[in-house]
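Structure record follows, encoded as structure tokens.
The values are calculated or read from the model by the stated rules, or taken from the named source; none is laboratory data. Everything quoted here is computed from the prediction, not taken from an experiment. Glycine also receives a Cβ, built like all others from the backbone with ideal geometry; neighbour counts cover every protein chain displayed. The accessibility values were calculated without ligands, DNA or RNA, using every heavy atom of the protein model including side chains. Shrake-Rupley method; radii C 1.70, N 1.55, O 1.52, S 1.80 Å.
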Amino acid sequence: MHYPKTKNLQEILDRVETCLDEGLPFALYRKPNEDEISGVFQADAALHHSKDFTEKGFVFAPFDSEDKVVLIQPDEIWKGKFHYEASQDTNSISLDESGREAHINLVKSGIKEIEKGRLQKVVLSRKIEVTVSKSPIKILKTLLNKYPNAFGYLFHHPKVGIWCGATPETLVKVRDKKLQTMSLAATLPYVENVKPKWGKKEIEEQQMVSEYIGDKLAHTMERLEIDEAESVRAGNLWHLRSEVRGSMMPNLKVEEVIRALHPTPAVCGIPTGEATQFIKANENYKRTFYTGFLGELNLNGQGELSLFVNLRCMQLENGKASIFVGGGITEASNPESEWEETQNKSKTMLGIL
């Protein structure tokens, strides 16, 4: 076991800069509502995978559960304090309307599939590409300052690429056989001093996710509690969230819990198998690691993990950033409003750039 070394923030950022220059894998991250920043550094450029989630390190998993889960080996772990700076207000963002028709048609075909009775809900997304001049480290600092209650990260592997993000959604946390997760769904724009007014569609959508998670986990838990839904703010958006807690059966493997939860209905749909097939057949790009998951695996002890869903993220390559936005489609969805919702969501990441 490599014990973490305490470093100052600049030393950590310099090390990250060197790894980016020399093509060495690392993950730099800060957990929600914390000021500690952690770096997991691998000594060589080899590509490792997690086979059954018993390894130690930082995992980066794709949306498609048939694809391999990338593992960054913890040859060194550095920790330091992140110093918050007041985030500058971003200029007004000009939103691009191209892609509007394609997305509206995608949503329409999703609604048709739901009306046929094959799906209850499907999450449909699109990719936006923009030119970027900021360095990955600058982008990460902006993300961490702007979204203190999210899991903020910068990930690099020469054979995988550079990703960063600030996600509001926990996939699962496990410690001493105690499990925590959440049911997150529905979106409304944040307006200052105005409480969100949730419509029937949003309340039902969130309820659906809670019930689904309950069903998926029921047989693996000694007991399971799901809280009432509450409104939570993430940047310039509101979501509905219920906390979920449980005690795992004594001989349950962590892998079974992860397989039961990923992909969540919040990023995929219900039932997840059929929704995944629809997404792969109809979204006109490959999600790769968007809506996958990432985080610490057994770093603080065997069977202890802290994993987050890879939302509000971007991939950086060759001076371009790919941003991903999507929304949950139900029978009550309106294709025009769904396009507007993805436009609202895109401001989160475009504002960072």
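Restricted to segment 250-353, the set of strands (runs of 3 or more DSSP E) holding at least 2 residues that are surrounded by fewer than 22 Cβ atoms within 10 Å (Cβ to Cβ) and touching a Gly at 6+ places or on another chain (Cβ under 8 Å) comprises 313-317. Residue count for segment 123-172 satisfying the condition of being more than 18 Å from the chain's Cα centre (by Cα) and among the hydroxyl-bearing types (Ser, Thr, Tyr): 3. Summed over segment 202-223, the residues that are surrounded by fewer than 17 Cβ atoms within 10 Å (Cβ to Cβ), of a type in the set (A, V, I, L, M) and either within 18 Å of the chain's Cα centre (by Cα) or under 26 Å from LYS177 (Cβ atoms) (or both) give a count of 1. Does VAL244 fit the bill of being open to solvent by less than 20 Å² (accessible area, probe 1.4 Å), within 30 Å of LYS146 (Cβ to Cβ) and in a loop (DSSP other than H, G, I, E, B)? For VAL244, the condition - open to solvent by less than 20 Å² (accessible area, probe 1.4 Å), within 30 Å of LYS146 (Cβ to Cβ) and in a loop (DSSP other than H, G, I, E, B) - is not met.
Residues in segment 180-201 that are touching a Leu at 6+ places or on another chain (Cβ under 8 Å) and more than 24 Å from LEU350 (Cα to Cα) were compared, and the one that is surrounded by the most Cβ atoms within 10 Å (Cβ to Cβ) is THR181. Candidates LEU311, LEU261, LEU299: the one that is farther than 23 Å from ILE329 by Cβ and of a type in the set (A, V, I, L, M, F, W, C) is LEU299. Taking the condition of a type in the set (Asp, Glu), in contact (Cβ under 8 Å) with a residue 60 or more places away in the chain and open to solvent by 50 Å² or more (accessible area, probe 1.4 Å), does GLU85 pass? For GLU85, the condition - of a type in the set (Asp, Glu), in contact (Cβ under 8 Å) with a residue 60 or more places away in the chain and open to solvent by 50 Å² or more (accessible area, probe 1.4 Å) - is met.
Every residue, every condition in (1) among the aliphatic types (A, V, I, L, M); (2) farther than 30 Å from LYS280 by Cβ; (3) open to solvent by less than 40 Å² (accessible area, probe 1.4 Å), yes or no:
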{"site": "ASP14", "(1), (2), (3)": "no, yes, no"}
{"site": "ASP21", "(1), (2), (3)": "no, yes, no"}
{"site": "SER38", "(1), (2), (3)": "no, yes, yes"}
{"site": "GLN42", "(1), (2), (3)": "no, yes, yes"}
{"site": "LEU47", "(1), (2), (3)": "yes, no, no"}
{"site": "ASP67", "(1), (2), (3)": "no, no, no"}
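Restricting the first member to segment 233-245 and to residues that are more than 21 Å from TYR212 (Cα to Cα) and polar (S, T, N, Q), and the second to residues that are at pLDDT below 95 and not in a strand (DSSP E or B), the beta-carbon pairs closer than 7 Å and six or more apart or on different chains are ASN236/TYR190; ASN236/LYS347; ASN236/THR348.
Here is a check on your reading of the model: is SER333 of a type in the set (Gly, Ala, Ser) and in contact (Cβ under 8 Å) with a residue 40 or more places away in the chain?
Judged against the criteria, SER333 is a match.
In segment 1-75, counting only strands (runs of 3 or more DSSP E) that sit wholly within it, the ones holding 1 or more residues that are in contact with a Phe, Trp or Tyr (Cβ under 9 Å, 6 or more places away or on another chain), under 18 Å from TYR153 (Cβ atoms) and in contact (Cβ under 8 Å) with a residue 40 or more places away in the chain span 26-30, 36-41, 57-61, 69-72. Residues in segment 259-306 that are farther than 17 Å from LYS68 by Cα and polar (S, T, N, Q): THR264, THR272, GLN277, ASN282, ASN284, ASN298, ASN300, GLN302, SER306.
To keep it simple, each residue is scored yes or no on (1) open to solvent by less than 20 Å² (accessible area, probe 1.4 Å); (2) more than 30 Å from ASN334 (Cβ to Cβ); (3) at pLDDT 95 or above.
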| residue | (1), (2), (3) |
| --- | --- |
| VAL123 | yes, no, yes |
| SER133 | no, yes, no |
| LYS141 | no, yes, yes |
| LYS159 | no, yes, yes |
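Residues in segment 196-213 that are part of a loop (DSSP other than H, G, I, E, B) and in contact (Cβ under 8 Å) with a residue 12 or more places away in the chain were compared, and the one that is nearest to GLU225 (Cα to Cα) is TRP198.
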